[in-house]
Amino acid sequence: MNILVTAAEITPFAKAGGLADVVASLSKEWSLLGHNVIVVIPKYGMIDLTLYSITPTNIIIEVPMGYWKEYARLWKGKIPGSDVDVYFLESADYFDRRGIYGDREGYTDNHKRFTFLSRAAFEVAKALNFKPDILHAHDYHTSLALAFLKIFYKYDPLFSKTAGVYTIHNMGYQGQYLPSTILPLMGVNTRDFYAGSWYEHDGIFNSMKVGIMFADKVTAVSPTYAKEIRWTSLGEGMQPYLNSKGGDVIGILNGTDYTEWNPELDDLIYKQYTQNDLETKEHNKQLFLKEHCPQQKTLSYDVPLVGMVARLTKQKGIDVLEQILESYLYAGVFRFAVLGSGEKRFEDYFRYLERKYSDRVIVHLGYNNALSHKIIAASDFLMMPSLYEPCGLTQMYALKYGTVPIVRSTGGLSDTVLEYNRNTSQGTGFLFYGYNAHDLGLTVNRALSVYKTHPHWNIIRTNGINADFSASRSAEEYIKAFQWALEKV
Ligand code: ADP
């Protein structure tokens, strides 16, 4: 199959969260399965062109933006360790900035930037004479591509047999704009916007709805999330539209790239280890504490280390964690290491804890890939009490590193973490249901009770290491969904 992928993020070039990892790992796996994949993303100002050998081409594409046209030079690189071509759109106006979505606040011209990206994907394919069987767009940033396919490009022989597949990674961000600003940019008559039209939700233009309605198949990033967005308030208003699509909405669990996230091969961690050599995991913890928490000597190394790597947003459950965390830290029950950035109130909170409990709290605000690997390898437990979690990759990485996840049972967390049962010795982590501090506290206590308890401590970690959430399985499921989508064209 020829697969044209467009997204706002891709690892390792430009990453804000799990979306980037999934776009890269799926593309790599499809290529290994023998499919031809090209990826179109913006050439953001922060991409390290030299490090990744990204070079300019002579191709300049013309992108229709309503009444006028805009231009982009294409730059080209490959996803490291693969044969997948990535085309970067150079546009000084739209993309030559430090951020993907914004600095702290979202950029005010995101509607233009993402309309441009969604439309440019087709023009890149035209310039390369690439005839896609599948257009695969991710989240609201590139959802307009699904509309462009059906409105403009299906009349072009290059795309007349192309099916559009839309993957929802996060319903919490929908791309709502004033119809009068976005429709002219899309080249769509504002008269096409009316109550009940495919562009409208709650009286305003909604990019998420556009993706859902114009796609041949819609996928969500885990089976549980696919149900939650259809049947619960996690659908954020999109429930009726998803339900109108019937069987065209599918849940496909994300997979992980075990060439990047594998303690046996990972050269970003202090010492590599296997499931038969979990004492070396302990060395990772000690070396991490020595490096990042010089005052640690007041507490023994035996005190468990709870780690967290996440965007610091409400979604990640920090407001519930806040209600119990300090009491554990005060009592010295565990150490806590967090890496993340996001809302100021959460950043301030973690800074406060770090100041007050400097011998047991390690806080790194910002984005740091190497440190994320180190924290996951060094921690005994991973904390992920998410309010909602479409899939979540961090808990899958943690499992592979023998780091026991403590998670809320929602979305992909329910699909990937199984409660540990001392009687059967089955299970990989600890889950709670109610989004409240009481339930989280009970679960933390359950988790702490297996720490270094023979034989459970080794069994639960080994169970996690052996759980398989590889991207290859996920990629094959997408290919099946693509085949179903093609039946509709
Ligand atoms: P989401 O997509 O909601 O952000 P996921 O768990 O699916 O959550 O994916 C998050 C990804 O981003 C993981 O690969 C995680 O390691 C990474 N990540 C999150 N915050 C940071 C950070 N501050 N520094 C480095 N990596 C981070």
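The values are calculated or read from the model by the stated rules, or taken from the named source; none is laboratory data. Since this is a predicted model, take the numbers as computed values, not measurements. For neighbour counting, all protein chains shown are included, and Cβ atoms are generated from backbone atoms with ideal geometry for every residue, glycine included.
As a summary of the residue check, Thr424 satisfies the conditions (1) touching a Lys or Arg at 6+ places or on another chain (Cβ under 6 Å); (2) of a type in the set (Ser, Thr, Tyr); (3) more than 16 Å from the ligand (Cβ to nearest atom) except for the one numbered (1). If you take the residues in the stretch 337-348 that are in contact with a helix residue (DSSP H, G or I) (Cβ under 6 Å, 6 or more places away or on another chain) and of a type outside the set (Gly, Ala, Ser), which one is farthest from the ligand (Cβ to nearest atom)? Per the criteria, the residue is Phe346. Identify all residues within the stretch 267-319 that are over 26 Å from the mean Cα position of the chain (by Cα) and acidic (Asp, Glu); write none if there are none. Hits for the stretch 267-319 are Asp277, Glu279, Glu282, Glu291, Asp302. When each of Phe346, Phe334 is tested for being in contact (Cβ under 8 Å) with a residue 40 or more places away in the chain and either surrounded by 15 or more Cβ atoms within 10 Å (Cβ to Cβ) or among the hydrophobic types (A, V, I, L, M, F, W, C) (or both), the lone residue that passes is Phe334. Taking the criterion of being of a type in the set (Ser, Thr, Tyr), crowded, with 17+ Cβ neighbours inside 10 Å and closer than 15 Å to Gly464 by Cα, the residues of the stretch 412-445 that qualify are Ser414, Thr416, Tyr420, Thr428. Scanning the stretch 468-489 for residues that are without any contact (Cβ under 8 Å) to a residue 24 or more places away in the chain and not in a loop (DSSP other than H, G, I, E, B) yields Lys480, Gln483.
Residues that are within 11 Å of the ligand (Cβ to nearest atom) and of a type in the set (A, V, I, L, M) were ranked within the stretch 1-22; the one that is surrounded by the fewest Cβ atoms within 10 Å (Cβ to Cβ) is Ala16. The sole residue among Leu325, Leu287, Leu329 that is surrounded by 20 or more Cβ atoms within 10 Å (Cβ to Cβ) and modelled with pLDDT of 95 or more is Leu325. In summary, Ile182 fulfils each of the numbered conditions (1) surrounded by 23 or more Cβ atoms within 10 Å (Cβ to Cβ); (2) more than 17 Å from Tyr166 (Cα to Cα); (3) assigned by TED's automatic domain parsing to the domain that holds His141; (4) within 16 Å of the ligand (Cβ to nearest atom) with the single exception of condition (4).
Does Ala377 fit the bill of being under 17 Å from Leu312 (Cα atoms), buried (at least 20 other Cβ atoms within 10 Å of the Cβ), in the same structural domain as Thr403 (by TED's automatic domain parsing) and more than 9 Å from the ligand (Cβ to nearest atom)? So Ala377 does not fit the description; no. The criterion of at least 2 residues that are of a type in the set (A, V, I, L, M, F, W, C) is met, among helices (runs of 4 or more DSSP H) falling completely within the stretch 185-271, by 207-214, 223-231. When the test is whether a residue is free of Cβ contacts under 8 Å to residues at least 40 places away in the same chain and either basic (Lys, Arg) or more than 27 Å from Gly102 (Cα to Cα) (or both), Asp156 passes it. Here the condition is being part of a helix (DSSP H, G or I) and either more than 16 Å from the ligand (Cβ to nearest atom) or farther than 25 Å from Leu253 by Cα (or both); of Ser31, Ser82, it holds for Ser31 alone.
For the criterion of being within 14 Å of Val404 (Cβ to Cβ), in a helix (DSSP H, G or I) and in contact with a strand residue (DSSP E or B) (Cβ under 7 Å, 6 or more places away or on another chain), Ile465 fails.
Selection within the stretch 267-316: residues that are aliphatic (A, V, I, L, M) and over 24 Å from Pro385 (Cα atoms). The member of this set that is nearest to the ligand (Cβ to nearest atom) is Leu268. The set of residues from the stretch 15-41 being within 16 Å of Ala137 (Cβ to Cβ) and in contact (Cβ under 8 Å) with a residue 40 or more places away in the chain comprises Leu19, Val22, Val23, Ala24, Leu26, Ser27, Trp30, Val37, Ile38, Val39, Val40, Ile41.
Look at Pro157 and say whether it is in a loop (DSSP other than H, G, I, E, B) and under 25 Å from the mean Cα position of the chain (by Cα). No; evaluated as a whole, the condition is false for this residue. Screening Glu389 on (1) of a type outside the set (A, V, I, L, M); (2) more than 8 Å from the ligand (Cβ to nearest atom); (3) under 21 Å from Lys314 (Cα atoms) shows it passes everything except condition (2). Of all the residues in the stretch 85-137, those that are part of a loop (DSSP other than H, G, I, E, B) and either surrounded by 18 or more Cβ atoms within 10 Å (Cβ to Cβ) or not aliphatic (A, V, I, L, M) (or both) number 21.
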